[in-house]
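Visitor: First, the structure itself, so that you have it in front of you.
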Amino acid sequence: MNNYLERLYNGIVKENPTFILMLGMCPTLAVTTSAFNGLGMGLSTMAVLVVSNLLISALRRVIPDKVRIPAYIVIVASLVTIVQLLIQAYIPDLYDALGIYIPLIVVNCIILGRAEAYASKNPPGLAVFDGLGMGLGFSIALTCIGFFRELIGAGTVLSGTPFAYSLPEFYEPVSIFVLAPGAFLVLALIIAFLNAMNIQNNGKKKVEGCDGSCGTCGRAETCRDAKSE
Amino acid sequence: MKEMMLILVGAALVNNVVLSQFFGLCPFLGVSKQVKTAASMGGAVIFVITISSAAASLIYDFVLVRFKLEYLQTIVFILVIAALVQLVEMFLKKTSPGLYQALGVYLPLITTNCAVLGVVLQNVQKEYTYAEMGWKALLASVVNGFGTAAGFTIAIVIMAGIRERIAYNDIPRPFQGAPIVLLTACLMAIAFFGFSGLI
């Protein structure tokens, strides 16, 4: 059971696809004009990711090694088409807001990345949890970016959901935050903030057996304390 | 003619593919450390996008529409692009080894560049199709593809130029790496707003 929880933790915190691995940047920046859109994109990607991980993991002994990438692409593209038709039918508002970025889930590097790096080498159960973890990490990141952009840029909180709330009249929305530059700015600030937290935490606790000489340490490659110089 | 010029300028500058539509961000952030590699990447992207928008336009108009299979467009387009990239790679390897060497590893990477699939899907969305425009649709698709790829090249080369200089600067530790690159992109995106009055 621990293995499964470890996969979730890995996807959400340790290898968060957006903040740590910096994968799937296009939808991350393009659709996060509001928390609702971000969440919608995150959940659609998660649905595709979980099912594609399951299928690819189940078929991992059947798919010949040489044509594995085209095979993965066909599986992912079929799933994305299904998700696209479902969203169009049941949540037309979200379909209009996400537009061309729904079919572009096919080329989201997170999905092919997980297929190649994890699902093709591990049993279906673990692969599903890996997809869940990565998908949740992606959804949380997108919702978070969308929340800040919406709050500053439009002066609303969670619009489009039952919990919608508008800031009082006297707040003048800074509309550049819902435009293209705001996306880059918000993501830059969030990553810088996480970096600053990391630096502070690492100052307090040291890796076991660390004597500060990263140059000769065998674990320097994977160590977060390791100094780049 | 005027119409085509408008499509070209619109795709390259006004709606810049990276800075206002967010396609192709992975290579934009990943392969922009040096001007030389950035320019090679740009060249490869121009090459592939121009060819694939022509191929996809023909396939959409004369296969998918004809047999009423439009809902399969995502699957068909991604396969066309993947096959085309392989084909271009084999063709270049045989006929012009010099160009093949210059583009190097960047060619296969383009399959997962969402700018390629994005442009092809946009051509359909903007109705550059045979049913709407007749044979001019093919030209419009190719011009839009070329313009978009040119816009990508402009953006990635400028970014690489800036990053070559940033490398020598003393940046606060939390902002080192990705954040400073994203901030640069933010300022570039604001600068590209200046083009929005052009059309």
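The values are calculated or read from the model by the stated rules, or taken from the named source; none is laboratory data. All figures in this text were calculated on a predicted structure; none of them were measured in a lab. Cβ coordinates were reconstructed from backbone atoms using ideal geometry, including for glycine residues, and neighbour counts include every protein chain displayed.
Visitor: Can we say B:THR37 is surrounded by fewer than 19 Cβ atoms within 10 Å (Cβ to Cβ), out of contact with any Pro (no Cβ under 8 Å at 6 or more places or on another chain) and of a type outside the set (Asp, Glu)? Talk me through it step by step, then tell me what you get.
Guide: Numbers: surrounded by fewer than 19 Cβ atoms within 10 Å (Cβ to Cβ): yes; out of contact with any Pro (no Cβ under 8 Å at 6 or more places or on another chain): yes; of a type outside the set (Asp, Glu): yes.
Yes; evaluated as a whole, the condition is true for this residue.
Visitor: Take the residues in region A:172-229 that are in a loop (DSSP other than H, G, I, E, B) and modelled with pLDDT of 80 or more, then tell me which one is nearest to B:TYR168 (Cα to Cα).
Guide: Taking region A:172-229 and keeping what is in a loop (DSSP other than H, G, I, E, B), we get A:172-174, A:178-179, A:205-213, A:217-229.
Narrowing the set further to residues that are modelled with pLDDT of 80 or more leaves A:172-174, A:178-179.
Working: A:GLU172: 39, A:PRO173: 37, A:VAL174: 33, A:VAL178: 32, A:LEU179: 31 Å.
Top of the filtered list is A:LEU179.
Visitor: Taking region B:118-149 as the search range and keeping residues that are of a type in the set (S, T, N, Q) and within 14 Å of chain A (Cβ to nearest Cβ), which one is nearest to B:TYR60 (Cα to Cα)?
Guide: The initial filter retains those residues of region B:118-149 that are of a type in the set (S, T, N, Q), namely B:122-123, B:125, B:129, B:141, B:144, B:148.
Restricting the remaining residues to those that are within 14 Å of chain A (Cβ to nearest Cβ) gives B:122-123, B:125, B:144, B:148.
On the way: B:GLN122: 12, B:ASN123: 10, B:GLN125: 12, B:ASN144: 16, B:THR148: 20 Å.
In this case the residue turns out to be B:ASN123.
Visitor: Give the number of residues within region B:1-52 that are assigned to a loop (DSSP other than H, G, I, E, B) and either farther than 16 Å from B:CYS114 by Cα or among the small types (Gly, Ala, Ser) (or both).
Guide: At the first step, the residues of region B:1-52 found to be assigned to a loop (DSSP other than H, G, I, E, B) are B:1, B:15-24, B:31-34.
Next, from what is left, pick out any that are either farther than 16 Å from B:CYS114 by Cα or among the small types (Gly, Ala, Ser) (or both): B:1, B:20, B:24, B:32-34.
Counting residues in region B:1-52 that are assigned to a loop (DSSP other than H, G, I, E, B) and either farther than 16 Å from B:CYS114 by Cα or among the small types (Gly, Ala, Ser) (or both) gives 6.
Visitor: Of everything in region A:158-196 that's away from chain B (no Cβ under 14 Å) and touching a helix residue (DSSP H, G or I) at 6+ places or on another chain (Cβ under 6 Å), which residue is farthest from A:THR143 (Cα to Cα)?
Guide: Here is the first cut: in region A:158-196, the ones away from chain B (no Cβ under 14 Å) are A:158-173.
From what's left, touching a helix residue (DSSP H, G or I) at 6+ places or on another chain (Cβ under 6 Å): A:158, A:160-161, A:173.
Numbers: A:LEU158: 10, A:GLY160: 13, A:THR161: 13, A:PRO173: 19 Å.
So, considering only residues that are away from chain B (no Cβ under 14 Å) and touching a helix residue (DSSP H, G or I) at 6+ places or on another chain (Cβ under 6 Å), the one farthest from A:THR143 (Cα to Cα) is A:PRO173.
Visitor: Right, next: Report yes if B:THR112 is closer than 18 Å to B:MET188 by Cβ and hydroxyl-bearing (Ser, Thr, Tyr), otherwise no. Spell out the reasoning first.
Guide: On the way: closer than 18 Å to B:MET188 by Cβ: no; hydroxyl-bearing (Ser, Thr, Tyr): yes.
It is false that B:THR112 is closer than 18 Å to B:MET188 by Cβ and hydroxyl-bearing (Ser, Thr, Tyr).
Visitor: Now for a separate question. Of all residues being closer than 21 Å to A:ALA183 by Cα and in contact (Cβ under 8 Å) with a residue 40 or more places away in the chain in region B:158-181, which is farthest from the other protein chains (Cβ to nearest Cβ)? Just the residue, please.
Guide: It comes out as B:ALA160.
Visitor: Quick check: anything in region B:152-164 in contact with a Gly (Cβ under 7 Å, 6 or more places away or on another chain), of a type outside the set (S, T, N, Q), crowded, with 21+ Cβ neighbours inside 10 Å and under 21 Å from B:VAL45 (Cα atoms)? Spell out the reasoning first.
Guide: Our first condition is that a residue be in contact with a Gly (Cβ under 7 Å, 6 or more places away or on another chain); within region B:152-164, this holds for B:152-153, B:156-157.
Next cut, of a type outside the set (S, T, N, Q) only: B:152, B:156-157.
After this cut, where a residue has to be crowded, with 21+ Cβ neighbours inside 10 Å as well, the list is B:152, B:156.
Restricting the remaining residues to those that are under 21 Å from B:VAL45 (Cα atoms) gives B:152, B:156.
Yes, region B:152-164 has at least one match.
Visitor: A follow-up question, please. Among the residues of region B:168-199 satisfying the criterion of being of a type in the set (S, T, N, Q) and under 22 Å from the mean Cα position of the chain (by Cα), which is surrounded by the fewest Cβ atoms within 10 Å (Cβ to Cβ)?
Guide: Kept after step one, since they are of a type in the set (S, T, N, Q), are these residues of region B:168-199: B:169, B:176, B:184, B:196.
Next cut, under 22 Å from the mean Cα position of the chain (by Cα) only: B:184, B:196.
Working: B:THR184: 18, B:SER196: 11.
Filtering region B:168-199 for residues that are of a type in the set (S, T, N, Q) and under 22 Å from the mean Cα position of the chain (by Cα), the one surrounded by the fewest Cβ atoms within 10 Å (Cβ to Cβ) comes out as B:SER196.
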